[in-house]
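S.K.: What follows is a structure written as structure tokens; I'll ask about it next.
The values are calculated or read from the model by the stated rules, or taken from the named source; none is laboratory data. These numbers were taken from a predicted model, which means no experiment stands behind them. Here the Cβ positions follow ideal geometry from the backbone for every residue, glycine too, while neighbour counts run over all protein chains shown. The protein model used for the area step is the full one, side chains on, heavy atoms only, and it has no ligands, DNA or RNA in it. Shrake-Rupley method; radii C 1.70, N 1.55, O 1.52, S 1.80 Å.
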Amino acid sequence: MMPIDTRCFFSLDRQSEFLSKYAEPDRYSFLEKFPKTGRFIPRGSGLSYVAASFGKDSVSVGFGKFSRILEFNADAKAPMITVEAGITLHALHIFLCPRGLRVPVEPGHPQISIGGCIAFNVFGKNQFKEGLFESCVEELEVFHPQKGVLKCSRAENKELFDLTIGGMGLTGVILKAKLRLARIPSPWLRVRNISFRNLQHMVEVLQQVNDSADALNTFNDFSVFGKNMGQGFVTVSNFSDEHTPAKLLESFHSLDRRPTQRFSYFNALSIPVFGFAYRTWHTKFKSEEKMPFYQFNYPVAGISFYFDWYGKKGFIERQILVPEASVEKYIEKFERLLRSYRPQVVLGSCKFFSGKQRLLHFAGRGLVISIDVVPHTGKAGFHEALDALNVDMGAIDNIAKDSRISRELIRREYPDYEKVRERMAAYDPNRQFASALSQKLSV
Ligand SMILES: Cc1cc2nc3c(=O)[nH]c(=O)nc-3n(C[C@H](O)[C@H](O)[C@H](O)COP(=O)(O)OP(=O)(O)OC[C@H]3O[C@@H](n4cnc5c(N)ncnc54)[C@H](O)[C@@H]3O)c2cc1C
């Protein structure tokens with residue numbers, strides 16, 4: 001049996017927090033001792049916004065000690081790397097960047113593990129062009145106590161491969177992953193910020209620059225409720241032609257800690273000031289800049305304090321993918337909701353997505369709108385009204401970002417919901433892997 005402790009777990013948004021069991025093996029012999037019964041859930045770096053790597057009745061199995069690079073092939077045409085799934089994006093950054101390589105799809109913080117990227121099939125800086133994390137996964141090794149260690153890929157054990165990517169850790173512990181790598185065209189980027197007046201104008205600007213940009217995202221200020229609601233700027237990033245080496249990201253503040261701040265700095269007075277200052281700084285004083293690759297790749301690494309600033313009550317992130325055909329109509333209704341309920345939105349941001357939605361993956365062609373909201377602000381009922389709007393307009397909420405999401409909402413938003421449940425039950429009738437999230441969603 002593995003040594004098991006009790007530990008306090010919390011989701012990054014602080015909407016879930018409780019004591020639960022934790023094991024942190026450090027050698028592969030744990031596989032032989034792994035109990036054949038009982039509930040477990042793998043844990044990578046534990047940074048998820050939601051309670052995905054712990055659960056009241058499950059032992060969370062921390063896989064952080066398994067973080068080695070096992071194989072590396074710098075082949076000019078098809079560079080590949082095989083790693084233990086506990087390795088972080090940061091460790092890969094330090095190894096790959098000096099060799100002019102990168103993991104093609106990376107979420108915004110260097111502490112995130114490869115296991116976490118696979119289990120939530122995450123997106124990176126340019127989902128529109130690069131797709132989801134699955135696009136770079138070639139092969140996996142997965143451990144399940146009833147089945148042992150299984151290799152899977154698009155050619156072998158396809159069902160396991162398909163269920164594991166975006167499978168929220170529910171098929172077992174991903175031990176190893178073979179990943180396709182991409183070349184970094186330059187260690188530097190040219191970044192331009194282009195202002196827009198409101199959401200309609202933002203969509204026009206995004207459409208104008210989408211084809212030529214290596215990455216696009218926006219900052220939106222939702223603290224103004226007049227005709228300039230959602231005003232902000234589009235950040236257009238392109239790899240530069242410069243080849244002088246850029247500094248690597250040597251260190252960063254860990255997010256795996258209890259937020260220290262008791263009260264929120266964000267309120268009805270501070271949010272508009274923050275929005276105005278942020279917009280002005282980026283459009284008037286920093287409208288063009290040269291940026292090292294790491295800063296572009298891990299935008300949140302230098303501002304970890306942002307999450308602390310919400311205090312003990314945390315925040316609610318809504319990340320919504322609106323189908324392309326409904327964007328104009330959706331924006332109109334979304335603005336009407338904000339005007340009517342007046343929630344305190346600290347940060348808004350948008351980007352284009354492409355691809356086909358399937359299983360419980362956050363994917364599809366359209367516009368992604370993300371907002372970080374201070375809980376219990378504005379008129380009660382905002383989130384429920386937004387849920388109803390999403391269902392009505394065929395939009396989907398990102399399961400990985402919003403702790404509030406219910407089983408009923410996911411069932412109505414994701415057409416494959418029942419199919420995923422059936423396939424999971426067929427793969428593992430005993431459901432030995434479960435988290436607070438999966439139990440709430442009944443997947
Ligand atoms: C600052 C910040 C920025 C982010 N930016 C983005 C972004 O740009 N795009 C995006 O899509 N997401 C983003 N995210 C979300 C993040 O990518 C996911 O929540 C990711 O899963 C976190 O990885 P983790 O290693 O912390 O995993 P954990 O939180 O530990 O676990 C997440 C899930 O992965 C499973 N898991 C972890 N390791 C394994 C394993 N070895 N085997 C099987 N299952 C495993 C867990 O069971 C759980 O279901 C961001 C998160 C933060 C904190």
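S.K.: Could you go through the range 232-249 and let me know if any residue there is hydrophobic (A, V, I, L, M, F, W, C), over 19 Å from residue 206 (Cα atoms), more than 23 Å from the chain's Cα centre (by Cα) and in a helix (DSSP H, G or I).
M.R.: Pass one, the range 232-249, residues hydrophobic (A, V, I, L, M, F, W, C): 233-234, 236, 239, 246, 248-249.
From what's left, over 19 Å from residue 206 (Cα atoms): 246, 248-249.
With the extra rule that they be more than 23 Å from the chain's Cα centre (by Cα), the set shrinks to 246.
Pick out the ones that are also in a helix (DSSP H, G or I) and you get none.
No.
S.K.: Residue check: is residue 148 within 14 Å of residue 428 (Cα to Cα), of a type outside the set (Val, Ile, Thr) and surrounded by fewer than 18 Cβ atoms within 10 Å (Cβ to Cβ)? Lay out the reasoning, then the answer.
M.R.: Working: within 14 Å of residue 428 (Cα to Cα): yes; of a type outside the set (Val, Ile, Thr): yes; surrounded by fewer than 18 Cβ atoms within 10 Å (Cβ to Cβ): yes.
Spelling it out, residue 148 is indeed within 14 Å of residue 428 (Cα to Cα), of a type outside the set (Val, Ile, Thr) and surrounded by fewer than 18 Cβ atoms within 10 Å (Cβ to Cβ).
S.K.: Could you tell me whether any residue of the range 24-39 is within 23 Å of residue 399 (Cα to Cα) and not basic (Lys, Arg)? Spell out the reasoning first.
M.R.: Within the range 24-39, the first condition is being within 23 Å of residue 399 (Cα to Cα), and the residues that meet it are 39.
Checking which are not basic (Lys, Arg) leaves us with none.
Within the range 24-39, none of the residues are within 23 Å of residue 399 (Cα to Cα) and not basic (Lys, Arg).
S.K.: Considering (1) free of Cβ contacts under 8 Å to residues at least 12 places away in the same chain; (2) within 30 Å of residue 249 (Cα to Cα), say which one residue 208 fails and leave the rest.
M.R.: Just one mismatch for residue 208, condition (2).
S.K.: Inspect all residues belonging to the range 322-332 and state whether any of them is open to solvent by 30 Å² or more (accessible area, probe 1.4 Å), of a type in the set (Lys, Arg) and over 20 Å from the mean Cα position of the chain (by Cα). Let's see the steps before the verdict.
M.R.: Kept after step one, since they are open to solvent by 30 Å² or more (accessible area, probe 1.4 Å), are these residues of the range 322-332: 323-325, 328-329, 332.
Right, trim to of a type in the set (Lys, Arg) and you get 329.
After this cut, where a residue has to be over 20 Å from the mean Cα position of the chain (by Cα) as well, the list is 329.
Scanning the range 322-332, I find at least one residue that is open to solvent by 30 Å² or more (accessible area, probe 1.4 Å), of a type in the set (Lys, Arg) and over 20 Å from the mean Cα position of the chain (by Cα), so the answer is yes.
S.K.: Would you pick out the residues in the range 100-137 that are more than 12 Å from the ligand (Cβ to nearest atom) and open to solvent by 40 Å² or more (accessible area, probe 1.4 Å)?
M.R.: Answer for the range 100-137, where residues must be more than 12 Å from the ligand (Cβ to nearest atom) and open to solvent by 40 Å² or more (accessible area, probe 1.4 Å): 128, 129, 135.
S.K.: For the range 223-236, what are the residues that are of a type in the set (A, V, I, L, M, F, W, C) and open to solvent by 10 Å² or more (accessible area, probe 1.4 Å)?
M.R.: First, pick out the residues of the range 223-236 that are of a type in the set (A, V, I, L, M, F, W, C): 224-225, 229, 233-234, 236.
If the condition is that a residue be of a type in the set (A, V, I, L, M, F, W, C) and open to solvent by 10 Å² or more (accessible area, probe 1.4 Å), then 224, 225 are the ones that fit.
S.K.: What's the total number of residues in the range 356-382 that are open to solvent by 20 Å² or more (accessible area, probe 1.4 Å), touching a strand residue (DSSP E or B) at 6+ places or on another chain (Cβ under 7 Å) and in contact (Cβ under 8 Å) with a residue 60 or more places away in the chain?
M.R.: So the answer is 0.
S.K.: Residue pairs, Cβ under 7 Å, 6 or more apart or interchain, first in the range 384-413 and on the phi > 0 side of the Ramachandran plot and without any contact (Cβ under 8 Å) to a residue 40 or more places away in the chain, second buried (at least 21 other Cβ atoms within 10 Å of the Cβ) and assigned to a loop (DSSP other than H, G, I, E, B). List them.
M.R.: Between residues of the range 384-413 that are on the phi > 0 side of the Ramachandran plot and without any contact (Cβ under 8 Å) to a residue 40 or more places away in the chain and residues that are buried (at least 21 other Cβ atoms within 10 Å of the Cβ) and assigned to a loop (DSSP other than H, G, I, E, B), there is no close pair.
S.K.: Is at least one residue of the range 159-166 more than 14 Å from the ligand (Cβ to nearest atom), within 19 Å of residue 41 (Cα to Cα), open to solvent by 10 Å² or more (accessible area, probe 1.4 Å) and among the charged types (D, E, K, R)? Walk me through it before giving the result.
M.R.: Residues of the range 159-166 more than 14 Å from the ligand (Cβ to nearest atom): 159, 162.
Next, from what is left, pick out any that are within 19 Å of residue 41 (Cα to Cα): 162.
Filter again for open to solvent by 10 Å² or more (accessible area, probe 1.4 Å), leaving 162.
Retained after the next criterion (residues that are among the charged types (D, E, K, R)): 162.
Yes: the range 159-166 contains one or more residues that are more than 14 Å from the ligand (Cβ to nearest atom), within 19 Å of residue 41 (Cα to Cα), open to solvent by 10 Å² or more (accessible area, probe 1.4 Å) and among the charged types (D, E, K, R).
S.K.: Out of 96, 140, 170, 92, report the one residue that is more than 10 Å from the ligand (Cβ to nearest atom) and either in contact (Cβ under 8 Å) with a residue 24 or more places away in the chain or in a strand (DSSP E or B) (or both).
M.R.: Details: 140 fails: more than 10 Å from the ligand (Cβ to nearest atom); 170 fails: more than 10 Å from the ligand (Cβ to nearest atom); 92 fails: either in contact (Cβ under 8 Å) with a residue 24 or more places away in the chain or in a strand (DSSP E or B) (or both).
That would be 96, the only listed residue that is more than 10 Å from the ligand (Cβ to nearest atom) and either in contact (Cβ under 8 Å) with a residue 24 or more places away in the chain or in a strand (DSSP E or B) (or both).
S.K.: Give the residue that is least open to solvent (accessible area, probe 1.4 Å), with candidates limited to residues of the range 261-294 that are without any contact (Cβ under 8 Å) to a residue 40 or more places away in the chain and closer than 19 Å to residue 193 by Cα. I'd like the intermediate steps shown before the answer.
M.R.: Here is the first cut: in the range 261-294, the ones without any contact (Cβ under 8 Å) to a residue 40 or more places away in the chain are 269-270, 273, 277, 280-281, 284-285.
From what's left, closer than 19 Å to residue 193 by Cα: 277, 280-281, 284-285.
On the way: 277: 53, 280: 36, 281: 126, 284: 147, 285: 145 Å².
Among them, the one singled out is 280.
S.K.: Restricting attention to the range 171-186, and to residues there that are out of contact with any helix residue (DSSP H, G or I) (no Cβ under 7 Å at 6 or more places or on another chain) and buried (at least 19 other Cβ atoms within 10 Å of the Cβ), which single residue is farthest from residue 52 (Cα to Cα)?
M.R.: Keep residues of the range 171-186 that are out of contact with any helix residue (DSSP H, G or I) (no Cβ under 7 Å at 6 or more places or on another chain), which gives 172-173, 175-176, 178, 182-183, 185-186.
Then keep just the ones that are buried (at least 19 other Cβ atoms within 10 Å of the Cβ); that gives 172-173, 175-176, 178.
On the way: 172: 13, 173: 13, 175: 18, 176: 20, 178: 23 Å.
Within the range 171-186, the match that is farthest from residue 52 (Cα to Cα) is 178.
S.K.: Please go through the range 187-198 and give me each residue that is open to solvent by 10 Å² or more (accessible area, probe 1.4 Å) and either in a loop (DSSP other than H, G, I, E, B) or within 22 Å of residue 106 (Cβ to Cβ) (or both), ordered by number.
M.R.: Hits for the range 187-198 are 187, 188, 190, 192, 193, 197, 198.
S.K.: Turning to a different aspect of this structure: Please find, within the range 29-48, the residue that is most open to solvent (accessible area, probe 1.4 Å) out of those that are in contact with a strand residue (DSSP E or B) (Cβ under 9 Å, 6 or more places away or on another chain) and more than 6 Å from the ligand (Cβ to nearest atom).
M.R.: First pass over the range 29-48, keeping only residues in contact with a strand residue (DSSP E or B) (Cβ under 9 Å, 6 or more places away or on another chain): 30-31, 34-35, 38-47.
Checking the rest, the ones that are also more than 6 Å from the ligand (Cβ to nearest atom) come to 30-31, 34-35, 38-40.
Numbers: 30: 8, 31: 34, 34: 7, 35: 24, 38: 46, 39: 85, 40: 6 Å².
Out of the qualifying residues, it is 39.
S.K.: Condition first: open to solvent by less than 30 Å² (accessible area, probe 1.4 Å) and either more than 16 Å from the ligand (Cβ to nearest atom) or of a type in the set (Gly, Ala, Ser) (or both). Now tell me which residues in the range 237-260 satisfy that.
M.R.: First, pick out the residues of the range 237-260 that are open to solvent by less than 30 Å² (accessible area, probe 1.4 Å): 237-240, 246, 249, 255, 259.
Once the filter is applied, which keeps residues that are open to solvent by less than 30 Å² (accessible area, probe 1.4 Å) and either more than 16 Å from the ligand (Cβ to nearest atom) or of a type in the set (Gly, Ala, Ser) (or both), the range 237-260 yields 237, 238, 239, 240, 246.
S.K.: When both residues are 6+ apart or on different chains and their Cβ atoms are under 6 Å apart, which pairs have a first residue that lies in the range 231-249 and is closer than 28 Å to residue 208 by Cβ, and a second that is open to solvent by 20 Å² or more (accessible area, probe 1.4 Å) and part of a loop (DSSP other than H, G, I, E, B)?
M.R.: Listed by first residue and then by second, the contacts come to 231/197; 231/198; 237/214; 238/214; 239/185; 239/214.
S.K.: Considering the range 199-222 alone, what residues qualify as being open to solvent by less than 30 Å² (accessible area, probe 1.4 Å) and farther than 27 Å from residue 100 by Cα? Spell out the reasoning first.
M.R.: Here is the first cut: in the range 199-222, the ones open to solvent by less than 30 Å² (accessible area, probe 1.4 Å) are 199, 202-203, 205-206, 209-210, 213, 215-216, 218-222.
Across the range 199-222, the qualifying residues are 199, 202, 203, 205, 206, 218, 219, 220, 221, 222.
S.K.: How many of the residues making up the range 422-443 are within 19 Å of residue 391 (Cβ to Cβ) and surrounded by 16 or more Cβ atoms within 10 Å (Cβ to Cβ)? Step through it out loud before you land on a result.
M.R.: Start the filter on the range 422-443 by keeping residues that are within 19 Å of residue 391 (Cβ to Cβ), which leaves 440-443.
Narrowing the set further to residues that are surrounded by 16 or more Cβ atoms within 10 Å (Cβ to Cβ) leaves 440-441, 443.
Number satisfying all stated conditions: 3.
S.K.: Hey, residue 230 hits all of (1) closer than 24 Å to residue 103 by Cβ; (2) at pLDDT 95 or above but one; which does it fall short on?
M.R.: (1)
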